[in-house]
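Read the structure below first, then the notes.
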């Protein structure tokens with residue numbers, strides 16, 4: 001693993017309402033804009049939008065899966081920034097690269113995009129040697 | 001709204017168990033495998049209770065906020081089924097005037113511990129539209 | 001995909017329900033256990049002996065529990081919040097929990113129990129455990145008649161809020177005590193004092209009371225409505241057997257699944273057996289000095305005695321896997337240190353005695369008070385020999401039955417005594433507060449305002465590192481400077497456990513949770 005290595009993009013199944021309902025319940029997010037279309041539209045949104053942290057979960061999982069190939073490292077820091085809205089039916093894919101490698105730390109830069117290539121979120125994952 | 005005067009406000013300490021069945025439901029909803037040795041990194045989002053309680057105390061209505069940024073630092077792995085404690089503090093606020101009016105960036109910091117020692121810290125930035 | 005997995009789950013469920021009929025590994029079992037005597041009461045507001053504790057911990061649960069680790073974990077409270085000023089606890093009661101008769105548990109069941117615990121006519125030995133709650137002590141003393149003035153509030157059927165007088169670092173352990181377990185107002189109102197009987201008593205824990213034959217046996221059966229996981233024990237038969245050798249032969253013949261409270265005579269023979277299991281125990285045996293009794297009033301004499309006993313030899317005398325004690329606070333909780341306390345040093349011990357001013361040209365005899373148990377007698381004889389050999393001082397052993405021994409301790413009439421302290425809650429406060437001026441357990445005649453203030457200050461502190469530092473300082477004072485006690489040994493709990501028993505453990509507070517046990 002070296003600086004500049006690309007992470008094979010990972011695509012997740014299209015965002016559907018039952019998933020948002022299940023995630024909202026499991027993540028204890030009380031906000032109805034994620035599952036009630038009428039409320040979402042009233043709030044000026046085009047429709048129900050996915051939870052930002054659901055997209056982060058995709059990003060973090062992609063990072064951990066990539067690093068799992070290299071034994072003995074674990075996630076020490078994860079940062080994510082939300083930049084775009086994810087709508088129902090959108091297909092999210094996560095891509096990225098290795099941005100830094102030292103003896104003690106590996107850093108990955110990741111991003112989540114929709115099927116149109118719009119940027120939804122960026123992520124930075126740091127792994128430390130166990 | 002004088003948000004600065006609330007900086008430094010803490011929630012007090014919450015205690016609960018991260019139930020394996022809840023962690024499992026979370027993994028199923030995301031579409032990732034459940035690992036009984038450790039919770040997924042973003043499972044800590046279920047502990048935003050403290051942020052919501054503070055926002056309520058400060059007087060910022062939930063529909064006006066957006067999740068801007070999230071950062072987690074992990075000290076040790078947390079097993080599903082662990083009893084954990086956490087405390088959230090409102091640590092910073094910055095105001096910005098934009099083309100859509102005023103916006104405030106609020107930062108909340110949480111310390112999460114299990115078995116008496118620190119397991120993770122969380123830093124959340126929320127954007128409050130029309131608040132400032 | 002989703003439909004498929006749900007379908008699969010139903011198949012799995014089907015198999016699971018069939019298993020108890022076809023597999024002996026998970027079939028319901030009876031667990032047979034020894035009780036040393038009859039409980040004095042089965043009313044958990046009033047219970048106070050270890051026999052009662054064993055029953056309560058398996059019949060009932062509290063808001064929080066202290067099980068395998070020393071951290072409190074959610075039990076009947078699913079979660080709780082301590083306010084930023086550290087004085088208010090808000091407990092969320094777990095929804096859907098039922099008593100053994102099917103009635104849902106609610107916050108009122110706790111409020112009723114706590115009010116009853118604080119009511120003077122209940123005469124509960126442990127009522128004082130709630131005295132840190134606002135107004136609780138005044139209610140107990142009759143200064144407040146209106147319970148709504150006490151800081152115990154039911155906010156809604158599933159929320160209980162408690163307000164303390166001041167922050168108490170260890171307070172969260174209080175609702176793990178059996179006396180604070182919830183109680184049913186309807187049952188107690190109807191049956192009065194006779195409510196805690198088979199057929200009347202309802203419980204919320206893994207088991208419920210089936211029958212009680214005085215001086216013979218107590219039978220518990222699985223609570224059909226228990227909310228959490230339980231092993232395969234369907235029935236618990238607790239036989240009351242007072243005699244140690246009868247108990248051991250019942251174990252050896254396979255009648256008992258587990259045997260605790262082993263006698264020193266038996267341990268001598270059993271200590272290398274593979275079914276003898278060891279469980280960490282928060283307990284410190286110590287020698288106390290009554291600091292106003294001559295010649296113990298002389299700190300150099302106390303120091304000399306402390307340095308003249310080779311504690312590493314105690315294990316070889318008592319055979320209970322003891323280890324030499326350093327601090328009064330035992331290992332596994334903060335405030336313990338392996339480096340504090342006076343070390344065994346016979347040469348220095350002699351020098352201390354010579355420079356004490358006590359006339360060593362004439363024979364010196366000092367009384368040593370102990371309870372008349374085999375184990376304490378064996379220990380006292382060992383200490384007597386060490387002191388004779390290293391200091392040429394004669395210890396005169398005076399033993400009484402436990403009740404008289406306790407009375408003599410309170411009178412502080414003998415200069416040296418041997419006793420032990422085991423944790424009520426896994427916090428150093430529970431150990432160090434023994435030696436405060438107001439403590440009824442301080443039998444040393446030693447008092448220090450500074451020490452008292454440090455106990456209070458550390459109790460209210462919130463940072464573990466600051467608290468630990470204070471506890472170490474306090475122990476340096478009582479062990480090395482003022483030498484009011486000599487910690488002798490720590491010891492684990494020992495039990496004989498049959499091979500067919502899985503998951504049995506005695507926790508560091510001496511509690512046994514049979515819900516974790518499976519019998520093959």
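Overview of values
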| item | result |
| --- | --- |
| Average partner coverage of A:70-77, which counts Cβ from other chains inside 10 Å | 3 |
| Per-residue Cβ neighbour rank within 10 angstrom, fewest leading, B:105, B:86, C:207 | B:105, B:86, C:207 |
| FRET efficiency, 1/(1 + (r/R0)^6) with R0 51 Å, evaluated for residue A:119 and residue C:457 via beta carbons | 0.40 |
| Part-to-part distance (alpha-carbon centres) for the range B:46-75 and the range A:36-108, which is given in Å | 18 Å |
| Packing-based exposure ordering (other Cβ within 10 Å, fewest first) of C:244, C:292 | C:292, C:244 |
| Descending principal axes extents, chain C, alpha-carbon based, whole Å | 89, 57, 51 |
| Chain B: angle of helix B:49-58 to the longest principal axis, Cα-based, in degrees nearest 10 | 20 degrees |
| Cα-based convex hull, chain A, per residue volume (Å³, whole number) | 106 Å³ |
| Inter-label distance for residue C:394 and residue B:123, nm, one decimal - labels placed 7 Å from Cα along Cα-to-Cβ | 7.4 nm |
| Compactness relative to 2.2 N^0.38 Å, alpha carbon Rg of chain B | 1.14 |
| Sorted by Cβ neighbour density within 10 Å, fewest at the top, the residues C:434, C:64 | C:434, C:64 |
| Inter-centroid distance (Cα atoms) of the range C:226-264 relative to the range C:480-520, Å | 15 Å |
| Ratio Rg/Rh [Cα only; Rh per Kirkwood] for the protein assembly as shown | 1.02 |
| Relative contact order [Cα under 8 Å, 6+ residues apart], the range C:61-184, whole percent | 34 percent |
| Contour minus Cα-Cα distance for residue C:253 and residue C:216 (0.36 nm per residue) | 11.4 nm |
| With Cα atoms, 0 to 90° folded angle of helix C:50-59 axis to chain C main axis | 20 degrees |
| Helical contribution to [θ] at 222 nm, DSSP H n ≥ 4, -39,500 (n - 2.57), averaged over chain C, rounded to 500 | -8500 deg cm²/dmol |
| Folded to 0 to 90 degrees: helix C:449-460 orientation relative to chain C principal axis, Cα | 20 degrees |
| Approximate spin-label separation residue C:104-residue B:56, in nm, with each point projected 7 Å along Cα-to-Cβ | 2.0 nm |
| Point-to-point label distance, residue A:45-residue C:401, nm (Cα→Cβ direction, 7 Å offset) | 7.6 nm |
| Rel. contact order, % - alpha carbon contacts under 8 angstrom, at least six apart, chain A | 31 percent |
| Relative contact order, percent, chain C [alpha-carbon distance under 8 Å, six or more residues apart] | 19 percent |
| Computed lengthening from residue C:68 to residue C:323, 0.36 nm per intervening residue step minus Cα-Cα distance | 89.7 nm |
| Theoretical FRET efficiency, 1/(1+(r/R0)^6), r = Cβ-Cβ of residue C:481 and residue C:123, R0 45 Å, to 0.05 | 0.65 |
| Relative counts (whole %) of C-alpha pair distances in the range C:61-184, using bins that are 10 Å wide | 13, 47, 34, 6, 0 |
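Readers should treat all values here as calculations from the given coordinates under stated rules, not as data from a laboratory. These numbers were taken from a predicted model, which means no experiment stands behind them. Cβ sites come from the backbone with ideal geometry, for glycine too, and all protein chains shown count toward neighbours.
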